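Data block below; observations after.
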Amino acid sequence: MAESIHEDLEPLPRGGFRCRLCHVTVANKPSLDDHLRGKKHQRLESLRSVRQDQELRSVFVSGFRKGTPASELNDYFQSYGEVINVVMDKDKGVYAIVELQDTEMLEKVLAQTQHSLGGQKLRVKPREKKDFKYTPPRRQGSAKREQLSPDKLAQELCQANDVDAQMSLLVQLFEFSESERRLRDLLFSLFQEVFLEFFPESAILPFGSSVNGFDVSGCDLDLFLDLEKTKTFQASAKTPTETPAEDGASPELDARSEDSILSDIDLASATVPEVLELVATVLRKCVPGVHHVQVVANARRPVVKFCHKESSLRGDISIDNKLALRNTRFLQLCTEADERVRPLVYTVRHWAKQQALAGNPFGGGPLLNNYALTLLVLFFLQTRSPPVLPTVARLKELSEGEEQTVVDGWDCSFPKDSARLEPSSNTENLCALLAEFFHVFGDCDFAGQVISLREGQLLPTSSVLTSETGIRLKLGPFNLQDPFELSHNVAANVNEKTALRFRRCCQVAAKYCRSLQYQRKSSKGKIWGLVRLFQPGTAEAEVLAATGFVLNFPLPLPAQSRELLGQAEDFHQQQFQKACAGIAFVLQDVLKCSCLEAREEQQAVTECKQGEEQTEGRAEQPSAGGKRPLDEEEAGSSSPSCKRPRTETVSPEGQSMTWNCAVWHKVWLGRRRVRRQLRGPQPDPQHSAGSLELEAKVSAAISQQEGEARPEEPLLQFALRARVGASASSERETPLSLRFDPDPPQAAAFQEFFHFLQGFLPRAVEQRLASEA
Ligand code: ATP
Ligand code: MG
């Protein structure tokens, strides 16, 4: 008893204790004594001894036909003595635990070399000895916290008092709830139980966000199945033993190896995909509640994916990823080293997710994954002055005197305990650190340097490649060196576009962080602080608004013009004029938008302010779809003198043209469905897919569906400037460049329309020109 009490207890700093059996923490020795005498502890102790006793008298049986009732197994084992209980695996019915009356009966059963039932050979083996683990009962309902809606999140964050409080609150809102943690523990014990039965002496270990300190409700469950000891076990069981009785080889070991699923495979020589297939089979057949099991053998780290039905948790099991176990511990250590690490990482992760810069739950793709993003934050904290976190090289120094850890040839040594780290003298608050994070990475040349957490420095790419150590890091648009596996670029999947977007989004965020809206709580109930950073796509929209929503496309010259290409410039100009007429036609007649040439406005302005000079600046910076041009459009319609045929209204240089436009209905949504309805089952050739006539009808139908022909306010307003682009890839094309300037507050909403125009407008304009030709 004294011994078991001792094993259950873990002394804590400052005189406290944790009872591992009951998951209870107490502050001091008298409270501990109370707990040990208390009902809960006593009950769990007796439950444990009952379970251990049951375990010693039970056998694990498999090999019977699927669907065999418990009663048949009961009857079969009755011939050896009394059967106390038969527990079938309730989901798949492929194995059973049979509890026998006593250990004598168990020995009789195990001494029998062959068992069969209904013509099937049974595999019968003793139960694996497992530590008793108490899992508190789960409350009714899902363990997953209700999804936090973006509105609710914004509301909660706005109530905090300052940005630091917002960041800490974010952690509380996102991290696992107590019930989710319990659910994971439960699932984890289930895996442990089943795998131990099928892979004797194996260990299953969690890694990744379930345990690294950056848990987010609903994140995947990453598991590592360590089969090293199973391999040794299998090898020793296979070695022919000359004198089995005398040499101490346990009969249990023999029975286990012979009857195990392992008899089908030699773990030492099997390939990773073969072992994963076996793991997948065990998952499919023997783990209750698991489905969608799939081997992903061609990933950098091959895994078996699965989903847990009841909780919808997704998970991965890998068998060859010890480095991930180690980097998981490293991330944990960083969270323990400084309490600013978690809020900062949670904030950056959520920002990056909202801006579509990071994510990829299914792997692959050009975005940063959460591990890479976390390393970026850790690197930033290493480079503060004074540093918030030590470099990995410094951590290695601090680990001297402890056992050094080398995994797959890489030095992964760092102190076991965060108490060995020197506390940071950096006093920056979270609000300032976040702003600086964006500032630093908004200025970073990701392609030209390597981010090294080992050194806590940006290294020139050449120094990594030519290093004497022979490390060959795969360089790309984003170079982030793994802190341990030094030849691994953690961001090797990131493409140039994402790297560029990441930097630009950081610049936009850094700019926002300089505003009062970021730094101070709004007294008028407006959004402030983190909330605006988290609006989806805002950073991208602002980047686009700053650099302009630009659409470039070449316009092929019609065939009949090509013979005159000697005077190509004139033809480009003519073609540009036609293109402008085409653009106005598509916007007005096909997409039912309002589209007023800014020239007319300029003319009106000029007429009003007689003698005042027209400035180029007006054309360079058209009003961003302000209301005035639209009012004037109405005025324009009653003043025919303002109207001129469109092809004549190109700017004098013939090189640029500006319109003020308004969109009244969401004509970019649901077009395919409306198109299908309009075309009917047997399309009329006149209404061929994509014909402008049909497209115009589609826009009209969508506008009608939405109600009012012309709502009071347009949905979107923007200025559009067309010009001949910088260079044509061939003389046979006119390079068109269209720049859209939406009203700044509408930038995010405009983005959707812009994405639609990117696909629609070039085709439609080309079609219009072709039909006119
Ligand atoms: P989440 O699952 O919430 O996205 P995570 O940290 O669990 O976050 P995963 O992509 O599931 O991320 O990866 C699990 C773990 O595997 C990581 O925490 C890290 O330890 C390791 N890992 C992931 N990607 C890499 C990588 N590119 N290089 C090295 N280790 C990695
Ligand atoms: Mg994960």
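If R0 is taken as 45 Å, the Cβ-Cβ distance between Arg710 and Ala447 corresponds to a FRET efficiency of 0.35.
Shown for region 58-128: lysine pairs separated by 8 or more places, or found on different chains, whose C-alpha atoms are under 19 Å apart, numbering 7. Descending by average beta-carbon neighbour count within 10 Å, the peptides 576-587, 503-514, 424-435 line up as 576-587, 503-514, 424-435, the highest first. Estimated at 0.36 nm per residue, the fully extended path between Asp264 and Gln294 surpasses their Cα-Cα distance by 8.8 nm. Debye calculation, C-alpha points only, no solvent: report log10 I(q)/I(0) for region 311-354 at q = 0.14, 0.29, 0.33 Å⁻¹, in the same order as the q values. Values, matching the q order: -0.53, -0.92, -0.98. Rounded to whole Å, the principal axis extents of the Cα atoms in region 58-128 read 30, 23, 21, largest first. Placing a label point 7 Å from the Cα of Glu274 along the Cα-to-Cβ direction, the residues of region 175-215 whose backbone N falls under 20 Å from that point are 198-200, 202. Candidate cross-link partners of Lys697 among the lysines, defined by an alpha-carbon separation under 25 Å and a same-chain spacing of 8 or more, comprise Lys578, Lys592, Lys666. Coupling constants for region 164-172 follow from the phi torsions by the Karplus curve (6.51 cos²θ - 1.76 cosθ + 1.60, θ = phi - 60°), and in residue order they are 4, 5, 4, 5, 5, 5, 4, 4, 4 Hz; glycine and proline get x.
At full extension, Lys108 and Glu339 could sit 77.3 nm farther apart than now, given 0.36 nm per residue minus the alpha carbon distance.
Note on region 1-56: Rg/Rh from Cα positions, Kirkwood definition for Rh, rounded to two decimals, is 1.01. Let me make sure I get this right: for region 338-540, a, b and c are the square roots of the gyration tensor eigenvalues over alpha carbons, sorted descending. Under 1.5 in a/c it's rounded, otherwise prolate if a/b > b/c, else oblate. Which is it? Oblate is the answer for region 338-540, as a/c is 1.5 or above yet b/c matches or exceeds a/b. A crude spin-label estimate for the pair Ala773 and Ala154, with each label 7 Å from Cα along the Cβ direction, gives 4.7 nm. Counting 0.36 nm for each residue step from Ser46 to Leu190 and taking away their Cα separation leaves a gain of 49.7 nm. Region 409-500 gives an Rg/Rh value of 1.02, both radii derived from C-alpha positions and Rh following Kirkwood. Carbon and sulfur atoms: what percent of the 1.4 Å accessible area of region 1-74 do they account for? Exposed carbon and sulfur together represent 53 percent of the surface.
Reducing region 501-521 and region 389-458 to their Cα centroids gives an inter-centroid distance of 25 Å. Calculate the spin-label point distance for Arg671 paired with Ala492, positioning each point 7 Å from the Cα along the beta-carbon direction, and give it in nanometres. Result: 4.0 nm between the two label points. With only Cα atoms counted, region 175-216 has Rg and Dmax values of 11.9, 34 Å.
The values are calculated or read from the model by the stated rules, or taken from the named source; none is laboratory data. Bear in mind the structure is a predicted one, so any value in this text is a computation, not a measurement. Counting neighbours? That spans all protein chains shown, and the Cβs are built from the backbone with ideal geometry, glycine included. These area figures cover heavy atoms from the full protein model, side chains too; ligands, DNA and RNA do not enter into them. Shrake-Rupley method; radii C 1.70, N 1.55, O 1.52, S 1.80 Å.
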